[in-house]
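No lab work stands behind these numbers, since they all come straight from the coordinates. Everything numeric here is computed off the predicted structure, so don't read it as measured data. Note that we place each Cβ from the backbone using ideal geometry, even for glycine, and neighbour counts take in every protein chain shown.
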Amino acid sequence: MSQLYVIVLAIIVVSLMAVAIYRTTRVKTKADYLVAGRSLPAIVLVLTLLTSWIGAGSLFAGAENAYKNGFAALWQPAGGWLGLLLIYFIAPRARKFAQFTLPDLLEARYNQTARVLGTIAILFAYVGITSYQFKGGGDVLHLIFPDHVSSQFGTYIIAVFVIVSTALAGMSSVAYMDVAIGSLVTVICIISAPYLLLKAGGWSGLHQALPPAYFQALGNFRVAHGVEQSTAFGLIRALEFLVPTMLLMLGNQVMYQKFFSAKSEKDARVSVIGWIIGTLILETLIVAIAVFGRALYPTGEVALHPREIIPYTARNALPAFMGALLLGAVFAKVISTASNYLFSPATNLINDVFVRYIAPDASHKRVLIVSRLAVVLLGVWALYQAVYAESILQKMLWAYTIYSAALTPVVLAAFYSRRVTAWGAVAAIASGTVVTLLWDLPSVKALFPPLLADRDAIFPALFVAVAAMILVSIVTPKPPAKQLAQFAD
């Protein structure tokens, strides 16, 4: 059986590297590297958006959530679904703006300070997201080769592959790798889910094997420190999964870069329709597979590491070939998402720091060299975080929160508010970032009662950021009409 896994992984790795090498030959300019020459058609956009969004956050953190809470874990992807409804209207506006990074947008709508602070927030959040992709990939390799590859060694292997493949061709490599990965993951999940449900005894067998809470809207969210709390407490916990996911979706720089890469405004808008359908199906199937796995494997090794439930189930509950394909799909998905979230902050360092402030007249060749170096440096930073991070779920929530609180409010205001000012945006980005970074410090937690101190930072950080944006905007002059014009529909 191990030979089958080796063959499947080898085919995936060789195929992805072949795509990266081929796309490298097509990269000649800064626009080719950063936004694929603004040439991506709708079908490529659909698959790259879907594949970049669903990675270790869904396959490991979301699966861990489902293992512990049952179908209540759907609160997390539901945030993405709500965000996508609004994105349908944002997509053509983003393509019309047609720059390279989100800080481009922040400077055009606000000022240079907003651009710099936005770049800092993105670096913290996206390198954090990349780090738990590395860690999730390491877990997959350990499950496939338990006697030869430890989780930590697997993390190093994944990191090296992602850094090399991403550095080669930039957005073009990332987008076309996603086409193959997105297709594989969608098909194998559609096949695997009903098979696992039947193996668990069907719907009635599932109810017999799992606690009643696994079929309730709030799952075990009402339980804190072993004691059941009020429904309101459970709802707040559920919203702590939904809100950061929704806000990350709305302000996601990876998404905006894909829209900037579209052939046209129409391609950008059409791609969102496919993205909505794909995300609804795939996220629901991932949660279902994790719940079915929990029914099949309630104890043992996977109970100690519930984030591994999907690859563990693939290895132990599915027929050999189907299991190898699902494991390969998880492996490829992690690579894809890691590539997307590693490449995105690298473009910030190049476009928003190097070209903007250090070498504005740099040649295309020099920009490409420095771009690849930025990918390597950020990849090493993400690897360092991956090695020392304990929980993928907690790392995911932290990364989502810092981005959601600091950036999403000002991004939405850029498109939908004519009154938010430059200094209001600066205040929001700075305060949202600071509150998130400070919230988990023991000295800060000691200031609050235990139940409040255990909460995620999203609501306090978001409240402070939005309040700062509104209050500072009220006392500062309105932005000029010329600055607002390029963001109108």
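For segment 346-489, the relative contact order is 26 percent, taking Cα pairs closer than 8 Å that sit 6 or more residues apart in sequence and dividing their mean separation by the residue count.
Of the residues LEU383, VAL353, VAL223, the one whose Cα sits farthest toward the positive end of the charge dipole of segment 2-391, with +1 on the Cβ of Lys and Arg and -1 on the Cβ of Asp and Glu, is VAL353. Per-peptide packing, taken as the mean over residues of other Cβ atoms within 10 Å, places 311-319, 427-435 in the sequence 427-435, 311-319 from highest down. Residue exposure proxy: PHE331, PHE292, PHE215, PHE354, ordered by other Cβ atoms within 10 angstrom of their Cβ from fewest to most, comes out as PHE215, PHE354, PHE331, PHE292.
For THR476, THR130, THR245, THR186, what's the fewest-to-most ordering of other Cβ within 10 Å of each Cβ?
Ordered from fewest to most neighbouring Cβ atoms within 10 Å, THR476, THR130, THR245, THR186 come out as THR476, THR186, THR245, THR130.
Residues whose amide H lies under 5 Å from that of VAL223, counting only those 5 or more places away or on a different chain, are GLN229; hydrogens are built 1.01 Å from N in the peptide plane. Averaging sequence separations of C-alpha pairs under 8 Å and six or more residues apart, then dividing by the length of the chain, give the relative contact order as a whole percent. Once normalised by length, the contact order is 30 percent. Using the average count of surrounding beta-carbon atoms within 10 Å as a protection proxy, the listed peptides 412-423, 333-344 rank, highest first, as 333-344, 412-423.
Would you compute, from DSSP H runs of 4+ residues alone, the mean residue ellipticity of the chain at 222 nm, taking -39500 (n - 2.57) per run and dividing by the full residue count, rounded to the nearest 500?
Numbers: 24 runs with 367 residues, N = 489.
Helix contribution divided over all residues of the chain: -24500 deg cm²/dmol.
Counting 0.36 nm for each residue step from VAL187 to GLU228 and taking away their Cα separation leaves a gain of 10.8 nm.
This ranking places LYS395, LYS199 by how few other beta-carbon atoms lie within 10 Å of each, fewest first, which gives LYS199, LYS395.
Relative contact order of segment 195-321, taken over Cα pairs closer than 8 Å and 6 or more residues apart, is 28 percent. When restricted to Cα atoms, the chain yields an Rg and a Dmax of 21.8, 68 Å, respectively.
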